[in-house]
Protein chains: 2
Amino acid sequence: ETTTQDIEQLGINTVRILSADAVQKANSGHPGTPMALAPIGHILWSEYLKYNPKNPNWANRDRFILSNGHACMLQYSFLYLTGYDISLDDIKNFRQMNSKTAGHPEYGLAPGIDVTTGPLGQGFANGVGFAIAQKHLAARYNKPGFDLFDYKIYAICSDGDLMEGVASEAASIAGHLELGNLIYLYDDNHISIEGDTDITFNEDVAKRFEAYGWHVQTVDDGNDLKAITNAIRNAKIEISKPSIIKVRTQIGYGSPNKVNTAGAHGSPLGADEVKLVKEFFGFDPEKSFVVPDDVLKYYHEKGARGADLEAKWNDLFKAYKEKFPELAAEFELAFKGELPKNWDAKLPVFKGSDPKMATRQASGKVLNAIAASLPNLIGGSADLAPSTDTNLKEFTSFTPEQRDGRNFHFGIREHSMGSILNGMALTNGLIPFGATFLMFSEYMRPPIRLAAIMKIRPIFIYTHDSIGLGEDGTTHQPIEQLAALRVIPNITLIRPADANETAQAWRVAIEHKGGPVILIFTRQGLPILDQDKYTKATELEKGAYILSEASKTPDLILIATGSEVSLILEAQAKLEADGVSTRVVSMPSWELFEKQDAAYKEKVFPKAHKKRLAVEMASPMGWHKYVTDEGDILGMTTFGESAPAEELYKHFGFTVDNVVKKAKALL
Amino acid sequence: ETTTQDIEQLGINTVRILSADAVQKANSGHPGTPMALAPIGHILWSEYLKYNPKNPNWANRDRFILSNGHACMLQYSFLYLTGYDISLDDIKNFRQMNSKTAGHPEYGLAPGIDVTTGPLGQGFANGVGFAIAQKHLAARYNKPGFDLFDYKIYAICSDGDLMEGVASEAASIAGHLELGNLIYLYDDNHISIEGDTDITFNEDVAKRFEAYGWHVQTVDDGNDLKAITNAIRNAKIEISKPSIIKVRTQIGYGSPNKVNTAGAHGSPLGADEVKLVKEFFGFDPEKSFVVPDDVLKYYHEKGARGADLEAKWNDLFKAYKEKFPELAAEFELAFKGELPKNWDAKLPVFKGSDPKMATRQASGKVLNAIAASLPNLIGGSADLAPSTDTNLKEFTSFTPEQRDGRNFHFGIREHSMGSILNGMALTNGLIPFGATFLMFSEYMRPPIRLAAIMKIRPIFIYTHDSIGLGEDGTTHQPIEQLAALRVIPNITLIRPADANETAQAWRVAIEHKGGPVILIFTRQGLPILDQDKYTKATELEKGAYILSEASKTPDLILIATGSEVSLILEAQAKLEADGVSTRVVSMPSWELFEKQDAAYKEKVFPKAHKKRLAVEMASPMGWHKYVTDEGDILGMTTFGESAPAEELYKHFGFTVDNVVKKAKALL
């Protein structure tokens, strides 16, 4: 007679062999780690994880993150076995074109993948964002008797994850914020690509996490189901500290010749060795992709419990909706990614007669104007809230005591801020933003890219956007950052020219779907363009627009973004005075412009008018596309200098006279 | 009578007031931290640091790193006082155009600055590179009785430095490598820009560093000279562990209204408050930039000791040179940045008849061929030595036991690898390289940029350079990385087309000065271009060259880099067969090409021949400059996919047929 224990062990071994088979068939991938982690996966998907395979998007599901995404055959196996919309054929098509089962787990591609992972350390930090989001949703929506949001965040992470700085940053934040809803399992397998982890990694991981304020447990044997089960139970009980469970595993467990070697990590085991694995576990060595009926039934039953769980939750939500109709409606709207009606009613309009205003400052005014209408807009900065003007003044900070706080203090940890924002953005119902200086976007490019891949919409705010920041000098003055961000697929970068374009940039950012929005703001004050004199800033949504038309058919087109728009407007006046008919185009966003139809593009940049000068205090890379062979670019081709901004403008040629000179040289 | 103690305290207070004055005059900067750190600075420059102000480049000087570079008035003050080539006028010109005293300390601008700092965490990690370099130089050159290299690395770092992930990574490596030559002082001032550090940073820093294997001490009062002195003495004695000394300081010490507040951090104190500071320390509130004669004399005498120290060292080196002439000559050459004669004698030439070879593999062969001739070429990878082919097979690994090892295991810590390489590259006599996948260049952009700013030459090796890596998929396939690296000023990026261009790329990299070199290699095998049939790969040094000329005046110019060069060669054959006269340009490096004269550029890309197609499996950004308005670019405008490489080529159009089609469409 088959006991439950037998089935469990058979299930674990089935996953191991499925993983080895799939990697072998793909002739590419990572077999050893799923083989080591199958017992942990078994415990999670059969005992702890709260999920409904029929609705992977259930709001109160537990989140699962495979931070070591290369081990994805583990996840695909359990998703398939528990009844998600992943078939055995999908497993057989591992790593093939148009398959759901990509080489690393991809959000939106396979159901049940809560986040795209692969680049190490990211998943670890995304989990902190998920945990923050859960605490915040609970604080906003839960009511006595209505624990709408009580889910946990489970993750598996590797040595590599823990070596990456982004995970260190996130761990420190998680400990500080007392995120007791985090349950991380650390796959301590002692093996890295170059050999034993001891060649680079002999720090005391447990002590390090204790220093961060985590609850730390150790399991000596990754095959000890009881010990793992107990440790996870303890972790669930400990709700005031994030938990990490260090589990000593054996990479490639079951592979007689490759267990505990780097050889089991990143390549197929080899056809012969896979046969030996099957023999080791008592499977037929000649058959592949074998899933015993009992195993499938066992896990399907585990998965099927989720429908009941969700049904109960739906009842709870229904009752909640009757008692708290406004909150319920608010959540339902936000969950669908829709915005409250008239959310933008208070979007400010600034007057041309107002004094100069930095776009960072205008952004602060906009944020504070819309914050009340958008309860799900939350965010903060990497210790630069005053400088980036991102404090929501009428709201508190998110702390262990105040989970409803809407201002986040990420500390001087830009990279994990980005990854945490991704975790928050992946939680339906939230619009997260994060701010730092444009220069420090360089510290957080991996999460920006992942947001772009996942087509999720965190809002990244970058201020101090050029040499206009002045004295802080070379190390702080962005040069290549605009181009380096624009080149990322799926991003929308907006560099508004003044306070009114800033308001419109926020409108686009809030309404945007399908990728991150990057807002670029100045440190220095800028004139406010008179909305009665110039084309209205609402045109910003088209990416580029004729801000000030030439007196007659243009001899010249001047193009600029951000702070340089005022400069080319002044140059236009001079050029027109000198008889040069000059059009001024404000071009806050290349990406928005590229979405316009050909007729609109031709209207702004007529093919017949090739004398064009682009002016931007940044690397000229990419501008050739817009200025044509007969145009020119006034940009920055070197690093900056430490000096007051006005002197830098003179030094680098960002003066009206120089723009006029460069423009005339084209004629 | 003035006692030494009086002078010391007067010196400390002079530095505090100089700092406050300079920031006030610049109307920009960070006064509070130098005011807090003046006692530490005093102890370092008067007692511990081994330096000669008359030769800031002395090989055996102690290194000093101000990781919190914004506190640079501390460093400028002591450099001025001890007799470096920095005058009181330079101090008065703090943060002004063309001044040595930039807003953050800049290597090469002011004497005595060992490394440019500003972006937080970098200096911390650079120090680990300095420490590795010292250990390595000592292992290679020191002999019994000849401790040529016994210097220490001192650094001051801030809360912000310790929050940054890059510092966590570097700290773990330093502990692992037992770098007992590191002495770090942690400025524990409890203040960040958003308020008390407690709002984000309440981890147990001491315990964390113990977990990394560091020697940790605490000083409760940053004004307690004796306690600081003792702690540094203890740190010097502890030679098997890196040391960190946590010093509780008071930001803005001496400013009655701003001490211990964020208000003392990043803005001038205000003219009235500066007067109060002067009163607090017994200075005349009406006078600025006052340096008492006794103080100047005192520090000048401290600085002058350095000339004796260096003279003694020079004698030691002279004796060493007599006894070990070859080693001495080797070091002298390397110290000057020159290369051994015939270093490139063994640079391989690959045959067109050889089987396909990935450029990563060719690179491995080249590295191993030249390693013996270049004893100062050292490096490693971020746990990808086998995949990046960067192991120096005839040499050992750098470990606590083997400091002469030339292979470095950085662990899965790309960011700190970059910063550590910078520290190594700043140590005259070494040529460091570091490798990972091109995708993970994203984790290490801040140090790449700093290397470019400093014009130092680490060699960054990035393999797996396109969708050609295949199944690992979207998260691992570079798209925007080439453009995002090319846009950094002062870098030289080379993407060779085959094994022979790879050898030439290494030649350029080894001989290059004035900025980092970035080598881009494939995972997949590439045909070796027959050196008898095509233009020789030695032309790579020009950045772009006519690899295969058209049969007559070209109708078309095909341009490619790296793996796509073979593709356009095949397309050329088809086009020529179809009667389209086609030139093929291999363009491995935009930056090397831009250095050529106008005549050469015109030769390769004649203005009259505007029908040009660039082919690169990467973002098209930047290529418009080379293809003209009448050309086209076959690039990648989306993220990749997980599938075998050959299928990806078809899917994204990197086939001979599609190149031919795109090319013909231009005619």
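Assorted remarks:
- Which numbered condition B:Gly112 fails, given (1) open to solvent by 10 Å² or more (accessible area, probe 1.4 Å); (2) within 13 Å of another protein chain (Cβ to nearest Cβ); (3) among the small types (Gly, Ala, Ser): (2)
- Inclusion of B:Ser46 among residues that are within 14 Å of another protein chain (Cβ to nearest Cβ), in contact (Cβ under 8 Å) with a residue 12 or more places away in the chain, small (Gly, Ala, Ser) and closer than 19 Å to B:Tyr151 by Cα is not warranted.
- Subset of the range B:632-644 that is touching a Leu at 6+ places or on another chain (Cβ under 8 Å) and open to solvent by less than 20 Å² (accessible area, probe 1.4 Å) - its residue that is farthest from the other protein chains (Cβ to nearest Cβ): B:Leu634
- Residue in the range B:170-182 that is of a type in the set (A, V, I, L, M), closer than 20 Å to B:Gln402 by Cβ and more than 13 Å from every other protein chain (Cβ to nearest Cβ) present: yes
- Count of the range A:589-612 residues which are under 26 Å from B:Ile491 (Cα atoms) and more than 14 Å from every other protein chain (Cβ to nearest Cβ): 0
- Unmet requirement for B:Phe460, which otherwise passes all of (1) within 14 Å of another protein chain (Cβ to nearest Cβ); (2) of a type outside the set (Ser, Thr, Tyr); (3) crowded, with 24+ Cβ neighbours inside 10 Å: (1)
- Every condition in (1) in a helix (DSSP H, G or I); (2) buried (at least 22 other Cβ atoms within 10 Å of the Cβ) is met by B:Ile43 except one, and the failing one is (2).
- Scanning the range A:465-477 for residues that are in contact with an Asp or Glu (Cβ under 8 Å, 6 or more places away or on another chain) and more than 10 Å from chain B (Cβ to nearest Cβ) yields a single hit, A:Ile467.
- One residue alone among A:Glu310, A:Glu326 is among the acidic types (Asp, Glu) and open to solvent by 60 Å² or more (accessible area, probe 1.4 Å), and that residue is A:Glu326.
- Flag for B:Lys54 being under 25 Å from B:Gly423 (Cα atoms), part of a loop (DSSP other than H, G, I, E, B) and within 14 Å of chain A (Cβ to nearest Cβ): no
Let's see how each residue does on (1) of a type in the set (S, T, N, Q); (2) touching a strand residue (DSSP E or B) at 6+ places or on another chain (Cβ under 6 Å):
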residue	(1), (2)
B:Gly579	no, no
B:Met587	no, yes
B:Lys611	no, yes
B:Met617	no, no
B:Val627	no, yes
B:Thr638	yes, no
B:Lys650	no, no
B:Lys662	no, yes
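- Enumerated helices (runs of 4 or more DSSP H) restricted to the range A:141-259, each holding at least 2 residues that are touching a residue at least 60 places away in the same chain (Cβ under 8 Å): A:159-163, A:165-176, A:225-237
- Checklist (1) crowded, with 24+ Cβ neighbours inside 10 Å; (2) within 12 Å of chain B (Cβ to nearest Cβ); (3) under 28 Å from the mean Cα position of the chain (by Cα) applied to A:Val23, failing item: (3)
- B:Glu576 vs. criteria within 14 Å of another protein chain (Cβ to nearest Cβ), over 29 Å from A:Met97 (Cα atoms), of a type outside the set (Lys, Arg) and more than 38 Å from the chain's Cα centre (by Cα): no
- Among the residues making up the range B:282-305, those that are in contact (Cβ under 8 Å) with a residue 12 or more places away in the chain, surrounded by fewer than 17 Cβ atoms within 10 Å (Cβ to Cβ) and of a type outside the set (Val, Ile, Thr) are B:Gly282, B:Phe289, B:Pro292, B:Asp294, B:His300, B:Ala304.
- Between B:Pro446, B:Pro489, the distinction of being surrounded by fewer than 24 Cβ atoms within 10 Å (Cβ to Cβ), at the interface with chain A (Cβ under 10 Å from one of its Cβ atoms) and over 26 Å from B:Lys536 (Cβ atoms) belongs to B:Pro489 only.
- Those residues of the range B:92-106 which are open to solvent by less than 10 Å² (accessible area, probe 1.4 Å) and either more than 14 Å from chain A (Cβ to nearest Cβ) or among the charged types (D, E, K, R) (or both), in sequence order: B:Arg95
- Test result for A:Ala125, part of a helix (DSSP H, G or I), more than 9 Å from chain B (Cβ to nearest Cβ), within 18 Å of A:Trp58 (Cβ to Cβ) and out of contact with any strand residue (DSSP E or B) (no Cβ under 7 Å at 6 or more places or on another chain): no
Residues are listed down the side, and each one gets a yes or a no for (1) of a type outside the set (A, V, I, L, M, F, W, C); (2) farther than 29 Å from A:Thr116 by Cβ:
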position: B:Leu613; (1), (2): no, yes
position: B:Asp629; (1), (2): yes, yes
position: B:Pro644; (1), (2): yes, no
position: B:His651; (1), (2): yes, no
position: B:Leu667; (1), (2): no, yes
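- Only listed residue being within 26 Å of A:Phe124 (Cβ to Cβ), more than 8 Å from chain A (Cβ to nearest Cβ) and open to solvent by 20 Å² or more (accessible area, probe 1.4 Å), chosen from B:Asp150, B:Asp198: B:Asp198
- So B:Thr427, is it open to solvent by less than 10 Å² (accessible area, probe 1.4 Å), more than 14 Å from every other protein chain (Cβ to nearest Cβ) and closer than 30 Å to B:Ser240 by Cβ: yes
- Comparison of B:Asn376, B:Asn407, B:Asn391 shows that the only residue that is touching a strand residue (DSSP E or B) at 6+ places or on another chain (Cβ under 7 Å) and open to solvent by less than 10 Å² (accessible area, probe 1.4 Å) is B:Asn407.
- Selection status of B:Lys246, surrounded by 17 or more Cβ atoms within 10 Å (Cβ to Cβ) and in contact with a Leu (Cβ under 9 Å, 6 or more places away or on another chain): yes
The values are calculated or read from the model by the stated rules, or taken from the named source; none is laboratory data. Worth saying up front: this structure is predicted, and the values here are computed from it rather than measured. Counting neighbours? That spans all protein chains shown, and the Cβs are built from the backbone with ideal geometry, glycine included. Surface areas here come from the heavy atoms of the whole protein model, side chains and all, with no ligands, DNA or RNA. Shrake-Rupley method; radii C 1.70, N 1.55, O 1.52, S 1.80 Å.
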